[in-house]
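In what follows, a structure is listed as structure tokens, so that the remarks can point back to it.
The values are calculated or read from the model by the stated rules, or taken from the named source; none is laboratory data. All values reported here derive from a predicted model rather than from experimental measurement. Here the Cβ positions follow ideal geometry from the backbone for every residue, glycine too, while neighbour counts run over all protein chains shown. These area figures cover heavy atoms from the full protein model, side chains too; ligands, DNA and RNA do not enter into them. Shrake-Rupley method; radii C 1.70, N 1.55, O 1.52, S 1.80 Å.
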Amino acid sequence: GRVRAGHAFKLYTRQRYTQSMLPARVPEMLRGPLQELCLQLRLAPLLESYELRAAFARALDPPKAATVEAAIIALQRSNALDADEALTPLGRHLAALPVEICIGRLMLYGALFSCADPILLIAAALSDRSPFLQPLARRDEAKAAQVCFNRDESDHLAAVDAYQKWMHVKRTEGNGGAKRFCDRHFLA
């Protein structure tokens, strides 16, 4: 028990417990991409003088050197870091955004080219699951209902078109009309 001696009943085998279950969670820096963390390290005053590889090496559970190298190369290719691993102006802006690097670049360039509204819709669609539902039992019906959004053969532009049409229906017919529109076109 939790408060005194007792028995523990587990819903898994002893073999699974000893071989598959870890005593503690894997640290976050070992579970995902390191690009965002690299940018945050560059902003940290105490670590800005360190090379990124050396800063990661100081962690309690450092990531693999190849993973750190791949993150640095990706950020340099994205022009977020220069050849000396210093933040570029683009990198400073990306570090301030709480999104993945590729989504952040998309949003910043959308603002630069004065097309922020459709780009923000595309960024939102890329950051979450698709707004286009395709229930297994009604997949063909869903595809037929959604074909009106994909005139340009682009999933991104289809999401923008679906949002604009939904917004038009919401303005003209209210929330009930918007709900019926989503149901009719299999939209989330």
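Just to be sure I understand the filter: pairs with C-beta atoms under 7 Å, separated by 6 or more residues or on different chains, first member in the stretch 65-84 and more than 11 Å from ILE101 (Cα to Cα) and touching a residue at least 40 places away in the same chain (Cβ under 8 Å), second member open to solvent by less than 70 Å² (accessible area, probe 1.4 Å) and not in a helix (DSSP H, G or I). Which pairs pass?
LEU81/LEU87; LEU81/THR88
Quick check on this structure: which one of GLU28, GLU36, GLU51 is out of contact with any strand residue (DSSP E or B) (no Cβ under 7 Å at 6 or more places or on another chain) and in contact (Cβ under 8 Å) with a residue 60 or more places away in the chain? Steps first, answer last, please.
Details: GLU28 fails: in contact (Cβ under 8 Å) with a residue 60 or more places away in the chain; GLU51 fails: in contact (Cβ under 8 Å) with a residue 60 or more places away in the chain.
None of the other options fit; the residue is GLU36.
In the stretch 4-39, how many are modelled with pLDDT under 90, part of a helix (DSSP H, G or I), surrounded by 10 or more Cβ atoms within 10 Å (Cβ to Cβ) and not charged (D, E, K, R)?
If we filter the stretch 4-39 for residues that are modelled with pLDDT under 90, which is where we start, we get 4-33.
Narrowing the set further to residues that are part of a helix (DSSP H, G or I) leaves 14-20, 28-31.
Remaining after also requiring surrounded by 10 or more Cβ atoms within 10 Å (Cβ to Cβ): 16-17, 29-30.
Checking which are not charged (D, E, K, R) leaves us with 17, 29-30.
Qualifying residue count for the region: 3.
Kindly evaluate TYR50 against the criterion of being modelled with pLDDT under 90, surrounded by 16 or more Cβ atoms within 10 Å (Cβ to Cβ), at negative phi and over 22 Å from the mean Cα position of the chain (by Cα). Even if it seems obvious, please write down each step before you answer.
On the way: modelled with pLDDT under 90: yes; surrounded by 16 or more Cβ atoms within 10 Å (Cβ to Cβ): yes; at negative phi: yes; over 22 Å from the mean Cα position of the chain (by Cα): yes.
In short, yes.
Condition first: of a type in the set (S, T, N, Q) and in contact (Cβ under 8 Å) with a residue 40 or more places away in the chain. Now tell me which residues in the stretch 111-167 satisfy that. Don't jump to the end; show me each part of the working.
Here is the first cut: in the stretch 111-167, the ones of a type in the set (S, T, N, Q) are 114, 127, 130, 134, 146, 150, 154, 164.
Result: SER130, GLN134, GLN146.
Residues being aromatic (Phe, Trp, Tyr) and touching a Phe, Trp or Tyr at 6+ places or on another chain (Cβ under 8 Å): count how many of those fall in the stretch 40-66. Before you say what the answer is, go through the steps one by one.
Looking only at the stretch 40-66, we keep the residues that are aromatic (Phe, Trp, Tyr), and these are 50, 56.
Still in the list and also touching a Phe, Trp or Tyr at 6+ places or on another chain (Cβ under 8 Å): none.
Going through the stretch 40-66 one residue at a time, the tally reaches 0.
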